[in-house]
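*Asks:* Pasting in a structure now, in structure tokens, and then I'll have a few things to ask.
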Amino acid sequence: MTINYQYKNIQSPIKVVLTDEQSAGHADHWRILTDDMSNDVPEWLQKMIEQAAMPKGLNGNVSSNDTCLLLSEDQPCHINQVLAMKDGKPECFINAYPCVDGPYGLTCRIERMIVNENTNDAVLRMRTADGSIIYAFDQLYTANRHLYQQGTDYFVNFSGWAHEITLSEQNEVIMVEDPEAIRYHRAFNDIVAANDGQLPNDLQEQIKQWQPTTEAQKQPVEINLGHMCAYLFGDALGQEDEAWCQGQVLGKQETSFNGKTVILFDVVILREQNATPFVVRIGAMKHAGTEAIQVHDYVQANIWLQAAIYKENQAAAQSLQQSQAS
């Protein structure tokens, strides 16, 4: 009898370990939500325990017997809290941070994890299918930390908190004269407008098929630099998730976070030809400035970019990986 064995050398992405001194912590993130951290944050943490859930991420077998336990809430804006566990019981508090749920995402591969193992904070360096590099704080690192693999496609949901978000500058313009760039620009705008400002699932296919029907649609396009999409990640180690971005608002709605009103902006911050648009749901505190921002406006923002990887959202990433292998 012959037995054929197959061995797969499954490796985790590269891990860069930070000390507590090298880590920025979350004080600046809580300051987005309150001017009274010393009172509000402990109260919020205690309150969330009463209705907390255990997010699974990629792990279908989350258990209170794990050494660390991640608690969360089923709200658009919520808190994730990390507890150390011993013998199935909470031993001590480790970390907590505010999160925004993001319904939009991209298929990415995790190239590197920048981690503080004392706090279970992690910033992921990810490469999209079209080669773009994105850094984001991992909301679910505690649940997923042992499961990430090199060379594996994951569908990643993106969201963020705005330190600041304002209407973009409108003063500088450039002229686009390349025929294919003109066609792409007009196709994108026509298709989104015809879809009530939403991105259809087959956007790239529709753009490929779109053709100009008038001479005016073939003419050079004047682009206001304030109407461009751009994303720049942070340049400090472990703080690459602190990003600057500019893009167009595709959606706007209100929600609440512990009695405070938050505006959720759906903003496209990258839209390159033949690539899936990068859309991020950004939470911002409601005030006169954020209230004035409307759908279709272009904004620029300093954001804390977040990522979440859930098992139930991986069908699209698996399909892409299979198509690339065949």
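The values are calculated or read from the model by the stated rules, or taken from the named source; none is laboratory data. As the structure is a computational prediction, the values presented were derived from the model and not from experiment. Cβ placement follows ideal geometry from the backbone for every residue including glycine, while neighbour counts extend to all protein chains displayed. To get the accessible areas, we keep the full protein, side chains included, count just its heavy atoms, and leave off ligands, DNA and RNA. Shrake-Rupley method; radii C 1.70, N 1.55, O 1.52, S 1.80 Å.
*Asks:* Sort out which residues of region 220-250 are surrounded by fewer than 12 Cβ atoms within 10 Å (Cβ to Cβ) and farther than 22 Å from H29 by Cβ, and write them in order of number.
*Replies:* Result: E222, single match.
*Asks:* Conditions: (1) more than 24 Å from K260 (Cβ to Cβ); (2) over 14 Å from the mean Cα position of the chain (by Cα); (3) modelled with pLDDT of 95 or more. I165 meets all but one. Number of the miss?
*Replies:* If we test I165 against (1) more than 24 Å from K260 (Cβ to Cβ); (2) over 14 Å from the mean Cα position of the chain (by Cα); (3) modelled with pLDDT of 95 or more, just (1) comes out false.
*Asks:* Still on this structure, I have one more. Check D36, D74 and return the single one that is of a type outside the set (A, V, I, L, M, F, W, C), in contact (Cβ under 8 Å) with a residue 12 or more places away in the chain and loosely packed, with under 12 Cβ neighbours inside 10 Å. Can you show your working first?
*Replies:* Values: D36 fails: in contact (Cβ under 8 Å) with a residue 12 or more places away in the chain.
On inspection, the qualifying residue turns out to be D74.
*Asks:* Checking D153 against (1) acidic (D, E); (2) under 22 Å from V123 (Cα atoms); (3) open to solvent by 70 Å² or more (accessible area, probe 1.4 Å), which test does it fail?
*Replies:* Condition (3) is where D153 drops out.
*Asks:* Grab the strands (runs of 3 or more DSSP E) fully contained in region 1-104, keeping just those with 3 or more residues being under 28 Å from K252 (Cα atoms) and at pLDDT 95 or above. Please lay out each step first, then the result.
*Replies:* Details: elements: 14-17, 68-71, 77-86, 89-100.
Qualifying strands (runs of 3 or more DSSP E): 77-86, 89-100.
*Asks:* Just give me the residues in region 286-306 being farther than 21 Å from L232 by Cβ and either open to solvent by less than 30 Å² (accessible area, probe 1.4 Å) or touching a helix residue (DSSP H, G or I) at 6+ places or on another chain (Cβ under 6 Å) (or both), in sequence order.
*Replies:* Just the residues of region 286-306 that are farther than 21 Å from L232 by Cβ, to begin with: 286-292, 294-296.
The one that is farther than 21 Å from L232 by Cβ and either open to solvent by less than 30 Å² (accessible area, probe 1.4 Å) or touching a helix residue (DSSP H, G or I) at 6+ places or on another chain (Cβ under 6 Å) (or both): T290.
*Asks:* Go through region 214-234 residue by residue and tally those that are more than 11 Å from R183 (Cα to Cα) and of a type in the set (V, I, T).
*Replies:* Residues meeting the conditions: 2.
*Asks:* Assuming G283 fulfils every condition listed in (1) among the small types (G, A, S); (2) within 11 Å of T107 (Cα to Cα); (3) buried (at least 22 other Cβ atoms within 10 Å of the Cβ) apart from one, which condition is it?
*Replies:* (2) is the only condition that G283 fails.
*Asks:* Separate question: Out of region 128-144, which residues are in a loop (DSSP other than H, G, I, E, B) and surrounded by fewer than 21 Cβ atoms within 10 Å (Cβ to Cβ)?
*Replies:* Going residue by residue through region 128-144, those that are in a loop (DSSP other than H, G, I, E, B) are 129-132, 139-140.
If the condition is that a residue be in a loop (DSSP other than H, G, I, E, B) and surrounded by fewer than 21 Cβ atoms within 10 Å (Cβ to Cβ), then A129, D130, G131, S132 are the ones that fit.
*Asks:* I need a count of the residues in region 180-219 that are open to solvent by less than 80 Å² (accessible area, probe 1.4 Å) and assigned to a loop (DSSP other than H, G, I, E, B).
*Replies:* Of all residues in region 180-219, those open to solvent by less than 80 Å² (accessible area, probe 1.4 Å) come to 180-193, 195, 197, 199-200, 202-204, 206-207, 210, 212, 214, 216-217.
Filter once more, so that each one left must be assigned to a loop (DSSP other than H, G, I, E, B): 195, 197, 199-200, 202, 210, 212, 214.
Adding up the residues that qualify gives 8.
*Asks:* Is it the case that some residue within region 258-265 is surrounded by fewer than 20 Cβ atoms within 10 Å (Cβ to Cβ) and among the hydroxyl-bearing types (S, T, Y)?
*Replies:* So far as region 258-265 goes, yes, one or more of its residues are surrounded by fewer than 20 Cβ atoms within 10 Å (Cβ to Cβ) and among the hydroxyl-bearing types (S, T, Y).
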